[in-house]
1. Residues with amide H under 5 Å of residue A:162's amide H, sequence separation 5 or more or different chain, H placed in the peptide plane at 1.01 Å from N; which?
2. Please report how far the C-alpha centroid of region A:187-261 lies from that of region A:102-172, rounded to the nearest whole angstrom.
3. What is the fewest-to-most order of A:233, A:98 by other Cβ atoms lying within 10 Å of their Cβ?
4. Could you point to the residue in A:102, A:171, A:129 farthest towards the positive end of region A:41-216's charge dipole, with +1 and -1 charges on the Cβ of Lys/Arg and Asp/Glu respectively?
5. If you take the charge dipole of region B:1-133 about its Cα centre, with +1 on Lys and Arg Cβ and -1 on Asp and Glu Cβ, which of B:12, B:119, B:95 is farthest toward its positive end?
6. Pairs A:36/A:233; A:33/A:233; A:133/B:7; B:66/B:204; A:133/B:204; A:125/B:72: which exceed 28 Å Cα-Cα?
7. With springs only between Cα atoms under 10 Å, which of A:118, A:48, A:127 fluctuates most in a Gaussian network model of chain A?
8. In a Debye calculation with equal point scatterers on the alpha-carbon sites of region A:213-256 and no solvent, what is log10 I(q)/I(0) at q = 0.23, 0.26, 0.33 Å⁻¹?
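Laboratory data are not the source of any read-out in this text; all were calculated from the coordinates shown. This one's a predicted model, so the numbers in the text were calculated from it and none came from an experiment. All Cβ positions, glycine included, derive from the backbone under ideal geometry; neighbour counts span all protein chains shown.
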Amino acid sequence: MVLILAGRLVSLVALIILVGAILYYIQRAMSGKIPKLRRLPAVDVIQEIVGRCVEMGRPVWYLFGSTDMTTPSILAPTVAAFQTLSYTARIAARLGAKLFVPLNQGLAYTMASDIVREAYVAENKLEDFDPLKTVMYLPSGADRMYIINHMWEEQVAGAFFLGSWYHEAVIYTENAAREGAVMLGGTDTTHNIPFLVAICDYSVIGEELYALGAYVSQDALQSSSLAGQDIGKYLAIIAILIGAILVTAGISLTEFFKLGW
Amino acid sequence: MSDRLTKISLPIWLTAIFGILMIIEFFFSVPQIVTDTNVKLRSWVTIVSAAALILGTFILTIAHVKRAYERKPGWYYSLIYIGAFAVAGALGLISVRETNFMWIFNNMTSPIGAALYSLTAFTITSAAFRVFRARNWKASVMLVCGFIVLMMLLPVGGAIFPPIVPIGEWIRSFPSSAGFRGMIIGISLGTIGLGVRIFLGRQKEHLGIREEKKEAS
């Protein structure tokens with residue numbers, strides 16, 4: 001019996017190297033050797049946006065985009081956005097900002113509701129958390145009209161667009177921009193990254209969405225894992241360079257991969 | 001069982017065990033029992049999602065009933081929701097394939113959804129107007145590339161200036177797809193990193209848990 005399925009050996013080796021590198025850096029951090037990491041500007045922006053909303057007496061919104069957690073490609077960015085929601089909700093509770101988190105899927109709604117509630121509990125501001133209003137379930141489809149309408153009605157002053165974003169990204173960000181809201185956007189949906197980067201005042205691009213949660217956690221062990229991810233980037237760069245040289249030299253790699261590695 | 005075990009340790013262990021089971025099934029030739037278990041686990045996800053949907057709908061209905069009862073601004077919209085929910089819910093309970101229920105879906109829900117989707121065209125236009133301004137050299141590059149690709153896609157572009165078609169295709173095939181591939185590599189690495197942190201129980205905010213950390217980054 002073949003132990004490893006055909007065509008998955010290379011992926012398995014890459015995964016082992018990457019996971020090994022991440023575990024190595026976490027282990028190093030546990031022994032006190034913290035790697036130096038570039039600080040994401042978005043981390044400071046979160047507090048700035050929430051603070052602006054408090055000063056203006058207007059609400060801050062945290063939007064997720066698609067949240068169907070049974071779809072793997074949506075699950076990962078949604079979970080990543082949950083990490084940042086926890087931090088944002090805590091700042092909102094601390095500063096007394098009016099936070100609003102609309103979601104269009106039941107499972108994500110229950111999770112977000114728990115996260116925001118815990119954040120308010122942690123800041124001893126549970127009385128400011130409204131279980132019916134702070135986090136709201138809006139059925140998919142109906143959510144668009146509600147969000148656009150309330151963006152104008154409540155004059156949203158700050159908004160976060162993090163998670164898995166599709167066409168709604170343009171609709172919501174454009175309406176929020178017209179309302180004068182300061183926005184932080186980030187998604188891993190490649191065809192919508194340009195829209196969020198172009199329209200939002202601040203943005204996290206692709207993998208920074210995943211890194212943001214680790215940064216805001218203020219846990220040295222979590223942020224150390226990002227150094228492990230960088231090993232993967234170096235390997236990818238080396239692989240791209242080798243591939244480019246071989247293809248330029250007329251050496252095809254197609255036959256190599258046809259071996260079922 | 002202690003509060004910590006049920007709220008923190010158990011969810012983290014379950015996440016790690018089930019996650020590793022899925023990874024093993026993807027890479028290795030596993031006994032049928034592992035595949036069957038994974039199929040069952042994936043079905044559970046659907047069932048849990050459906051249960052959460054019921055909870056969400058229940059809370060939304062409570063919110064609307066409360067708003068209508070307290071006569072808060074826009075309370076009449078809540079009445080419309082309650083009426084629509086009652087009618088669609090009752091017809092759905094009789095049978096989802098029942099003609100009246102499907103009529104509501106095909107003639108109301110579906111067209112309203114399509115109408116909302118069409119808003120994208122207008123917002124993209126105004127967003128493009130906001131974005132495509134030559135404020136600096138980077139924005140100018142984007143403006144030029146956007147214009148070339150737009151002209152390539154329009155029949156009139158090729159008719160006026162035929163070389164614009166291969167130039168536009170080159171932009172889409174090489175610089176654009178190279179950039180996207182770079183993003184995809186980064187995103188994949190980020191996803192793996194997130195997975196490892198979750199499996200190790202280092203990142204657990206998604207479970208509604210936020211413990212105070214002693215270390216500072």
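1. So residue A:162 has HN proximity to A:63, A:186.
2. Rounded to whole Å, the Cα centres lie 29 Å apart.
3. Ascending number of Cβ neighbours within 10 Å: A:233, A:98.
4. About the Cα centre, the residue reaching furthest to the positive side is A:129.
5. After comparing all options, I get B:119.
6. Exceeds cut-off: B:66/B:204.
7. Between A:118, A:48, A:127, it is A:127 that shows the largest mean-square fluctuation.
8. Taking Cα atoms of region A:213-256 as identical point scatterers yields -0.77, -0.87, -1.01.
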